[in-house]
Amino acid sequence: MIRTGISTFAKRSYSTAKPVISAAKAVDGFVGALGNTPLIRLNKLSKETGSNIYAKAEFMNPGGSVKDRAALFVVQDAERKGLIKAGGTVVEGTAGNTGIGLAHVCRAKGYKCVIYMPNTQSQEKIDLLRMLGAEVYPVPAVAFDNPQNYNHQAARHAEALDNAVWTNQFDNTANRQAHIETTGPEIWQQLEGNVDGFTCSTGTGGTLAGIARFLKEKSGGKTKIFLADPPGSVLYSYIKSGGTLIERGGSSITEGIGQGRVTENLKPDIELIDDALQIPDADSLHMIYRLLDEEGIYVGASSALNVVAAVEMAKKLGPGKNIVTILCDGAYRYQSRLFSKKWIESKGLTDAIPEHLKKYATLE
């Protein structure tokens with residue numbers, strides 16, 4: 001007797017009667033794929049703190065970072081205002097991730113993309129921008145009040161072109177609006193309104209401000225908001241002092257976060273911030289390695305800083321809380337630094353990584 005493929009198949013032990021997962025709906029193009037990222041409970045840290053530490057997996061946006069949301073909203077804002085027409089050029093000053101998001105959005109919409117960025121940023125970001133078709137100008141990193149600051153150079157470049165717009169991510173509140181309309185509501189829905197605390201770092205301030213505005217209003221003021229700051233930024237002291245803006249000093253291994261001023265994105269919601277935390281670089285680097293080893297999550301320094309801040313927030317608020325933060329992007333854009341023994345040593349951070357985690361520093 002010859003057995004048919006069908007009869008053999010029928011005897012297999014699995015069934016297709018019930019779906020294993022709930023699949024997301026099909027979407028329209030790159031733009032349609034933005035947002036609706038998972039909210040990940042960090043199990044080991046949650047157990048340690050006695051609270052639920054949740055991290056919004058923004059590295060799962062199609063352009064790889066939280067800045068994809070702002071990139072889309074600032075371009076759509078320019079379109080609505082008639083500042084750019086078909087075939088035009090989008091110009092931005094960025095530490096990298098907004099530029100990468102803009103490069104993706106511009107390709108999807110048929111615009112040219114020009115990016116000015118500090119030359120202190122990782123080579124991975126610069127290379128990726130160019131691979132995405134952007135025209136990239138790495139320039140010396142100088143303070144915002146210097147005319148040669150990368151943002152001012154971007155503005156002048158746009159002014160010199162026809163049919164071009166400087167999207168001005170730091171002070172264009174369409175950035176903040178992206179998080180009022182998308183990220184904040186997603187977090188609220190994912191935790192069914194049970195959000196006791198939210199914390200993240202700021203670059204433009206759009207992510208923190210937009211999410212803070214939504215969560216504060218939706219919770220009737222019950223959700224606590226903590227700003228997380230790296231060394232070299234002034235916002236921690238600004239919040240702690242009740243509004244004194246000191247001169248910026250020092251530096252950090254983190255990229256794209258930390259500020260020397262209160263941006264227009266942050267200004268409307270600065271009063272919603274309940275407290276601030278300053279996170280040392282050593283703690284951020286340690287957390288990068290912990291997240292990889294304990295959770296299998298591969299993220300950059302700003303994401304790790306946010307997680308450290310979430311743990312500190314949980315300790316301050318006490319056990320039994322739901323604390324949310326942002327995983328801004330993956331480590332792929334920084335791996336030549338963050339997993340390089342020589343680079344870590346050059347920053348004096350070798351001792352920040354426990355011996356059992358040093359196995360992950362595989363690059364020379």
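Some observations on this one:
- If you go through the stretch 335-364 and keep only what is of a type in the set (S, T, N, Q), free of Cβ contacts under 8 Å to residues at least 12 places away in the same chain and more than 19 Å from residue 250 (Cα to Cα), you end up with just 350.
- Test for residue 89: is it at negative phi, open to solvent by 20 Å² or more (accessible area, probe 1.4 Å) and at pLDDT 95 or above: no
- Among residues that are assigned to a helix (DSSP H, G or I) and open to solvent by less than 20 Å² (accessible area, probe 1.4 Å), residue 237 is not included.
- For the stretch 310-355, a residue qualifies if it is of a type in the set (Phe, Trp, Tyr) and open to solvent by 30 Å² or more (accessible area, probe 1.4 Å), and the qualifying residues are 332, 343.
- Criterion violated by residue 118 - all others in (1) touching a residue at least 24 places away in the same chain (Cβ under 8 Å); (2) at positive phi; (3) not aliphatic (A, V, I, L, M) satisfied: (2)
- Taking the numbered list (1) closer than 30 Å to residue 149 by Cβ; (2) at pLDDT 95 or above; (3) of a type in the set (Val, Ile, Thr) in turn, residue 40 passes all entries but (1).
- Checked against (1) open to solvent by 30 Å² or more (accessible area, probe 1.4 Å); (2) of a type in the set (D, E, K, R); (3) in contact (Cβ under 8 Å) with a residue 60 or more places away in the chain, residue 271 meets all criteria but (3).
- The stretch 292-309, residues that are open to solvent by less than 20 Å² (accessible area, probe 1.4 Å) and among the hydroxyl-bearing types (Ser, Thr, Tyr): 302, 303
- Within the stretch 190-229, tally of residues that are in a loop (DSSP other than H, G, I, E, B) and within 21 Å of residue 248 (Cα to Cα): 4
- Qualifying residue in the stretch 51-63 (condition: acidic (Asp, Glu) and either closer than 12 Å to residue 330 by Cα or crowded, with 24+ Cβ neighbours inside 10 Å (or both)): yes
- Residue count for the stretch 174-218 satisfying the condition of being of a type outside the set (A, V, I, L, M), open to solvent by less than 30 Å² (accessible area, probe 1.4 Å) and closer than 21 Å to residue 315 by Cβ: 5.
- Within the stretch 68-97, residues that are more than 14 Å from residue 204 (Cβ to Cβ) and free of Cβ contacts under 8 Å to residues at least 40 places away in the same chain sit with their Cβ atoms under 9 Å from residues that are open to solvent by 10 Å² or more (accessible area, probe 1.4 Å) and in a strand (DSSP E or B), at 6+ positions apart or across chains, in these pairs: 81/165.
The values are calculated or read from the model by the stated rules, or taken from the named source; none is laboratory data. Please read these numbers as outputs of a predicted model, since none were measured by experiment. FYI the Cβ positions are ideal-geometry reconstructions off the backbone, even for glycines, and counts take in every protein chain you see. Surface areas here come from the heavy atoms of the whole protein model, side chains and all, with no ligands, DNA or RNA. Shrake-Rupley method; radii C 1.70, N 1.55, O 1.52, S 1.80 Å.
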